[in-house]
Every structure is written in C-alpha cells, then in structure tokens.
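All remarks here apply to the structure that follows.
The values are calculated or read from the model by the stated rules, or taken from the named source; none is laboratory data. This one's a predicted model, so the numbers in the text were calculated from it and none came from an experiment. A quick note on method: Cβ atoms are made from the backbone with ideal geometry, for glycine too, and the neighbour counts reach across all protein chains shown. Side chains included, ligands, DNA and RNA excluded: accessible areas come from the protein's heavy atoms. Shrake-Rupley method; radii C 1.70, N 1.55, O 1.52, S 1.80 Å.
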Amino acid sequence: RRGEKGIPEKAAIISIDDGYLSGYNAAWPILKKFGYPFTMFLYTDYIKGGPKSGGQSISWDQLAEMRDAGVDIEGHTVSHSSLNARKGKTDEQYLAWLKSEIVGSKELLEKNLGIQVKAFAYPYGLHNKTVRDVVKQAGYEAAFTVWGRRIARGADPMMMGRYAIESTKPKVFEEAVNFKGADEGDDASDGGHGHDLCPE
C-alpha cells in the first residue's frame, strides 16, 4: 500500500488470533516449515500470567522467541470484549473504555516486546465509527474484520476483510483460497460476520 514493495496479483495474509498456545506449538512449526510469514493478533489479558490465561495461552517468552524469528505480532485489545457493547456507558465512559482497550493493549505489547504495533484486529470482527476513529487515533495503520472479502488497493485501511477459517466451515476456506466472497466495496462497517473463534 505504501509502494515499498510489489506483491503477486494473488497473495494472502495469514493471521492467528487471540494467543492460544496452539499458535506457538501447532501452527508455527507448520508455517515455519513452508516459510510462510504470518501475524499473531493478541489480546493482552490472555497472555500467560494475565487474568484470562488459564494455562492454554502463549507466554511472553514464547512471543519473544516468535518475534526474534520474524513473526509479526499485533493488537487485538486488552480483554477481547465486543467493542460495540456500550453496556449502559455514557459517551465519555464508552470512549475512555475504548481507549483503554485499544491503546492499552498496543502499549503493553510494545513495552514487553520492544516492537511497533501497527495493525489491529477487531474482536469478533465487530466495530463502529467511534471504534474505528479510536483505532486510527491510536496510531494503527490497518484494522481487520472477519468479513470474508478480497482486499484491493483501494480498501479502507480501517476495515480490511479477513476470511475466518474454522474446521466446521469448509466453504469459507474454499472461498478464501479462490479469492471469492464479498467484494472489497461491500460494507460490513457495523459488525458484519463476526465469529467467536476458538481452536479445535
């Protein structure tokens, strides 16, 4: 998008969300074997030692190992809550909460891993204009949904589509590898096809 390098007409971004340990001990060895670069979108409460980790999450040391091997590590909020859910908050409270989720996770990843976090994935793919504005103001250059669609040069950088691949939905995988699904001009701005994704 910056014109710094060329890519093939058909190219794919591989991303893994949340921070499950399986991203480290199952997915990474396979992707490494084939030389595929990929991105980990992490919510910081889930990283081992955080309040939601429960033993199935990746650790900071494992993330540092992945970082040193060239794995791209990016933001996915602090708590993985739906960013559309105001839950009775006033406008000011909602905005303050959004900033703590969106900026807080970025700052913690950057501090603990010594990286620059420039991309963001909306939990469940859900967002609205206020959310997108906070993401942009936080310094993210791109933000991703789970609305399956091709990404073209003119795609809105705050609403980049992704195909949510799940073992129970082979049709989505077929659409992804054949670059099918909604056109990048279709609008899923206030939600779209959000999914709660967990590893099998």
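Odds and ends about this structure:
- Of every Cα-Cα pair in the chain, the percent that sits beyond 20 Å: 56
- Annotation for the range 1-87: trypsin sites (Lys or Arg not before Pro) lying in DSSP loop with at most 15 further Cβ atoms inside 10 Å of their Cβ are Arg1, Arg2, Lys5, Lys10, Arg86, Lys87.
- For the chain, the membrane-span-like helix rule (DSSP H, alpha carbon extent of at least 15 Å along the helix axis, mean Kyte-Doolittle at least -1.0) picks out 91-113; this says nothing about an actual membrane.
- Taking each of Lys5/Lys99; Lys87/Lys129; Lys5/Lys136; Lys48/Lys118 in turn, the alpha-carbon distance tops 28 angstrom for Lys5/Lys99.
- Secondary-structure-derived ellipticity at 222 nm for the chain, considering helices only, amounts to -8500 deg cm²/dmol, per-run term -39500 (n - 2.57) for DSSP H runs with n ≥ 4.
- Hydrodynamic radius by Kirkwood, which averages 1/r over all alpha carbon pairs of the range 70-172, in angstrom: 14.4
- Surface composition of the chain: carbon and sulfur atoms hold 51% of the protein heavy-atom accessible area at a 1.4 Å probe.
- The range 1-98: radius of gyration over Cα atoms, expressed as a fraction of 2.2 N^0.38 Å: 1.32
- DSSP beta bridge pairing in the chain, given as percent antiparallel to the nearest 5: 5
- Column: log10 I(q)/I(0), Debye, Cα scatterers of the range 64-115, q = 0.15, 0.21, 0.29 Å⁻¹: -0.49, -0.75, -1.09
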